[in-house]
Structure formats: structure tokens, C-alpha cells
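The values are calculated or read from the model by the stated rules, or taken from the named source; none is laboratory data. Note that the structure is predicted; figures quoted are calculated from it, not measured. Cβ placement follows ideal geometry from the backbone for every residue including glycine, while neighbour counts extend to all protein chains displayed.
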Amino acid sequence: MNLETQKIELHFDKADYMALSDDLKGEIKSNYLFSRKSGVWISRAKFPNLWRAEAVAKKLGLDNGGKVGETLTFAEQMERKAERAEARAERYDNKSEKAQERAEALQKPINDMHGDIAFFTQPNINSSAGRAFTNRRNRMFSAWEKGFEEFRKSEYYAERAAIARQTAEDTKPTDKGFIDRRIKDAEKTIKAQRKNIEYYRKYLERIENGEKIKRYNGDIFTAEMVQEWIENAELIIENAISKSIYYHECMEEAGGVAFSKDNIKEGYIVELNRWGKCRVIGTGKVNISYSIMEGGAAGYGGKAAYAEIKSIISEEVPEKPEHPFKVGDSYTVQVWNSEKCTREPKEYIVTKITSQRVTLKTGEERAVSRKPRRFKDNSTNGFSWAIGVVDGYGGTIYKKETDMK
């Protein structure tokens with residue numbers, strides 16, 4: 001594996017490749033691309049997703065040449081990616097300009113004849129001079145039509161150049177929400193791989209003590225195999241740490257995370273990158289819960305990281321709406337009867353309420369305490385409340401917010 005590209009390289013002669021069966025050639029082309037510059041087959045996938053490429057290499061009977069090159073930091077990888085994208089954009093710009101020049105050259109003869117009515121209306125005359133004129137005019141029209149194809153090529157190359165420039169810009173992101181998610185992904189990877197290494201070392205210790213550990217298919221784990229797992233996990237951790245450092249630097253350049261649980265309170269109105277004006281309906285250590293206030297998605301909500309908050313629109317905290325449930329209210333829900341294998345109606349009576357919870361009781365059974373849930377219903381700007389008394393169909397109580405019986 002080339003540590004610089006983190007891809008597998010296959011080295012063998014063209015004669016050896018031509019001697020392979022069509023099936024093996026197909027597998028190589030599915031998992032590798034031939035590099036004319038290097039003269040080798042390079043895997044399409046990158047580490048750590050190389051298992052298919054490795055399987056093809058083993059099927060070919062090639063020896064593992066180990067690791068070559070030096071691992072690049074994530075910042076260096078992004079820098080090279082940006083350089084390649086910028087070079088690609090320049091090439092496409094050059095192709096676009098040349099295609100436009102060819103298009104203009106092809107259409108110039110016809111464009112120069114604009115205003116010459118006789119040229120366009122001259123009938124076909126069956127004489128040597130008439131046929132020569134007709135053939136010349138037909139060639140000019142044919143070139144004029146080819147000019148449109150060149151203009152289309154020019155537009156295509158210009159679009160590819162714009163995509164390449166966007167790729168170069170994306171290597172240095174400025175969206176704080178995106179950066180925050182990449183940092184969390186890297187930290188999650190580091191934590192998971194460290195746990196994996198602990199398990200692998202326990203496996204290695206058991207193998208070194210003479211214990212035979214088998215796969216589900218009966219193959220026996222070897223110390224070399226487990227050691228390779230450990231090395232791969234360490235490389236994944238190294239890459240994740242490098243990625244985390246890079247995105248932390250991007251976050252600092254973008255201004256850092258200005259908001260947290262300390263300065264965002266429930267009830268605040270904030271502006272989110274994606275949804276615009278939203279009301280904060282809950283705060284946690286990592287994320288906020290929000291309700292969208294404007295647009296077609298108004299009334300709906302979700303969770304967002306503090307990094308996704310662009311600004312605070314209002315710090316006024318409105319009074320929380322009270323749930324409509326009262327002591328003495330009775331509700332009938334459908335409860336599953338396991339003996340009869342059917343649902344039966346059962347009446348519950350509200351015995352106690354607080355601003356956060358509702359206590360219900362039925363017969364001599366133990367009382368249950370539930371937290372009411374407020375949601376937007378199908379009516380215009382209307383809200384309803386729900387209490388899940390029991391699981392399953394018919395086990396939830398619904399009541400409109402305006403229904404204060």
C-alpha cells in the first residue's frame with residue numbers, strides 16, 4: 001500500500017495481464033484504475049476500505065510488498081486536492097476558450113454574410129458556377145452548425161471548470177455546522193478504534209499464550225493477522241487525529257463556536273444556517289432542539305449543533321404554553337389483553353397535574369405519570385397535546401390546546 005495515496009498498487013507486466021482470463025481482467029478493472037504516469041494499477045478505494053481490492057490482489061497470487069511512502073497529514077492531502085482541482089480548472093478553462101474560438105471561426109463565414117439577401121436566397125443553378133456556389137454555401141452552413149456543437153463544448157468545459165474551483169474551495173470549508181460535524185466524526189472514529197485496539201491486544205495475548213481463536217468459518221486467527229489489525233487501527237487513528245486538527249484550524253479561521261448552553265436559553269429566537277428563524281425549545285450539552293418559525297416547514301423542528309447558530313435574533317423568553325389536561329378528566333384508551341389477544345377499552349382518570357407531567361389512574365391499578373407532548377396539528381397555526389398512556393394503537397390521548405374543558 002502506498003501510504004501517500006493510501007491506495008493499493010499492483011505491479012506486473014503487460015504480458016502477464018494479457019495472459020489473465022477475462023473474468024480476472026474484469027475484476028481488476030472494477031477495483032483498479034491503470035495509471036499511465038506510474039505504469040501500475042491503482043485501487044479505486046482508499047484505506048481503510050480496501051478489502052475488495054486486497055481480495056483481487058490475493059486472487060492474482062501477488063505478493064504483499066508492504067507499505068511504501070510516507071503518510072501525509074490531512075492538511076497536506078487537502079492542499080494537494082486543492083492544487084489538483086485548480087490545475088484541472090485551468091485546463092478546462094483553456095479547453096473552453098479554444099472551443100469558443102473554434103465555434104466563432106466556424107460560424108464566421110455565415111455571420112459575415114449577414115445582410116446579403118442574395119447569398120441566402122440564391123436558387124440552385126445547374127451550371128458549373130452555380131453548383132460551385134451551392135456547394136460552397138452548403139459547406140458554410142455545415143460549418144455554422146458545427147459551431148453550435150463547439151459552443152456546447154465550451155459551455156460544458158466552463159461548467160467543469162466551475163465544479164473544479166468549487167472542489168478547491170471546499171477543501172477549506174467555512175460552514176461552522178459542517179466543520180463541527182467533521183470534528184465529531186473524527187473524534188468518534190478515534191474513540192471506536194482505540195476500543196478496537198484494546199480487543200485486538202487481548203486477542204494477541206490469548207494467541208501468544210497458546211489459545212486457538214477461530215473465525216465463524218473455522219479459520220484460525222494468527223498473531224500476524226491480529227498485529228496487522230492493530231497497525232491498521234493505529235493508522236486510522238493517526239488519520240482521524242490529523243483530520244480533527246485540520247478542522248479545528250478551519251473552525252478557528254471561521255471564528256470559532258460563539259454559542260453554547262451558557263448563552264443560549266430555551267425560548268430564544270435564533271437564526272440557523274439551514275432553516276433561518278427558529279425558536280429554541282430545548283438545550284443540551286452538544287445540541288439544541290428547535291422549532292422552525294417561517295416558511296413551508298414552520299412548526300416542524302429537529303436538533304442542531306451550537307455551531308450551526310448564526311446569530312441570536314431575540315432573547316425574550318415567552319411563557320410556556322400550558323397543557324389542557326385537568327384533574328378529573330377521563331379518557332378511554334385501547335389496552336392490549338394478552339389472554340384474549342385483542343385490545344379492550346379502558347378508562348383513565350387524571351388525578352394530578354403539574355406544569356410538566358400528568359398522572360392518570362384506572363381502577364385499582366398503579367397510577368402512571370406521563371409528560372404531555374405538544375405538536376402542530378393539521379389546523380391553521382393550531383397545536384394539540386398528546387399523552388402516550390400505553391404502547392400500541394389507540395394507547396395515546398389527544399387534546400387540542402384550545403380545548404380547555
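When you go through A57, A105 one by one, which is the residue that is closer than 30 Å to N2 by Cβ and either assigned by TED's automatic domain parsing to the domain that holds G26 or over 31 Å from the mean Cα position of the chain (by Cα) (or both)?
Just one listed residue meets the conditions, A57.
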Over the range 305-323, the set of residues surrounded by 17 or more Cβ atoms within 10 Å (Cβ to Cβ) and either within 21 Å of Y393 (Cα to Cα) or outside the structural domain of G282 (by TED's automatic domain parsing) (or both) is H323
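So that you can scan it fast, the table gives a plain yes or no per residue for (1) surrounded by 18 or more Cβ atoms within 10 Å (Cβ to Cβ); (2) part of a strand (DSSP E or B):
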site	(1), (2)
N217	no, no
V226	yes, no
E234	no, no
I237	yes, no
D262	no, no
Y290	yes, yes
E294	no, no
A298	no, no
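To keep it simple, each residue is scored yes or no on (1) modelled with pLDDT under 90; (2) surrounded by 15 or more Cβ atoms within 10 Å (Cβ to Cβ); (3) assigned by TED's automatic domain parsing to the domain that holds H248.
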position: A45; (1), (2), (3): no, yes, no
position: G61; (1), (2), (3): yes, no, no
position: E90; (1), (2), (3): no, no, no
position: T121; (1), (2), (3): yes, no, no
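Could you check how many residues of the range 264-284 are among the charged types (D, E, K, R) and either in contact with a helix residue (DSSP H, G or I) (Cβ under 8 Å, 6 or more places away or on another chain) or in a helix (DSSP H, G or I) (or both)? Can you show your working first?
If we filter the range 264-284 for residues that are among the charged types (D, E, K, R), which is where we start, we get 265-266, 271, 274, 277, 279.
In the following step, the residues that additionally are either in contact with a helix residue (DSSP H, G or I) (Cβ under 8 Å, 6 or more places away or on another chain) or in a helix (DSSP H, G or I) (or both) were identified as 274.
Qualifying residue count, the range 264-284: 1.
Can you tell me which residue is farthest from K371 (Cα to Cα) among those in the range 320-349 that are outside any loop (DSSP other than H, G, I, E, B) and of a type in the set (A, V, I, L, M, F, W, C)? I'd like the intermediate steps shown before the answer.
Initially, the range 320-349 is screened for residues outside any loop (DSSP other than H, G, I, E, B), giving 330-337, 342-349.
Applying the additional criterion that residues be of a type in the set (A, V, I, L, M, F, W, C) yields 333, 335-336, 349.
Numbers: V333: 17, V335: 19, W336: 22, I349: 15 Å.
So the residue we want is W336.
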Taking S338 as meeting all but one of (1) in the same structural domain as I387 (by TED's automatic domain parsing); (2) touching a strand residue (DSSP E or B) at 6+ places or on another chain (Cβ under 7 Å), write down the number of the exception. (2)
Here are the criteria: (1) of a type outside the set (S, T, Y); (2) closer than 30 Å to N273 by Cα; (3) without any contact (Cβ under 8 Å) to a residue 24 or more places away in the chain. Tell me which single one E339 does not satisfy. (2)
For the range 350-364, pairs from a residue that is outside any loop (DSSP other than H, G, I, E, B) to a residue that is of a type in the set (D, E), with Cβ under 8 Å and 6 or more apart or across chains, are V350/D329
Subset of the range 278-328 that is among the hydrophobic types (A, V, I, L, M, F, W, C) and under 30 Å from K352 (Cβ atoms) - its residue that is modelled with the lowest pLDDT: V317
Can Y247 be described as of a type outside the set (V, I, T), buried (at least 17 other Cβ atoms within 10 Å of the Cβ) and within 27 Å of P372 (Cβ to Cβ)? no
Please tell me if F133 is within 30 Å of A254 (Cα to Cα) and surrounded by 14 or more Cβ atoms within 10 Å (Cβ to Cβ). no
Can you go through S369, S338 and tell me which one is surrounded by fewer than 15 Cβ atoms within 10 Å (Cβ to Cβ) and in contact with a Ser or Thr (Cβ under 9 Å, 6 or more places away or on another chain)? S369
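What do you reckon, is V286 on the phi < 0 side of the Ramachandran plot and more than 21 Å from the chain's Cα centre (by Cα)? Show your work before the answer.
Details: on the phi < 0 side of the Ramachandran plot: yes; more than 21 Å from the chain's Cα centre (by Cα): no.
Considered against the rule, which asks whether it is on the phi < 0 side of the Ramachandran plot and more than 21 Å from the chain's Cα centre (by Cα), V286 comes out as no.
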Which fully enclosed helices (runs of 4 or more DSSP H) of the range 1-111 have 1 or more residues being of a type outside the set (D, E) and within 29 Å of I237 (Cβ to Cβ)? 22-31, 51-59
If you go through the range 192-215 one residue at a time, how many are over 25 Å from N64 (Cα atoms), free of Cβ contacts under 8 Å to residues at least 40 places away in the same chain and either assigned to a helix (DSSP H, G or I) or among the β-branched types (V, I, T) (or both)? 7
Just checking, does the range 332-345 include any residue being modelled with pLDDT of 90 or more and over 17 Å from V390 (Cα atoms)? no
If we ask which residues in the range 112-132 are in contact with a helix residue (DSSP H, G or I) (Cβ under 9 Å, 6 or more places away or on another chain) and part of a helix (DSSP H, G or I), their number turns out to be 2
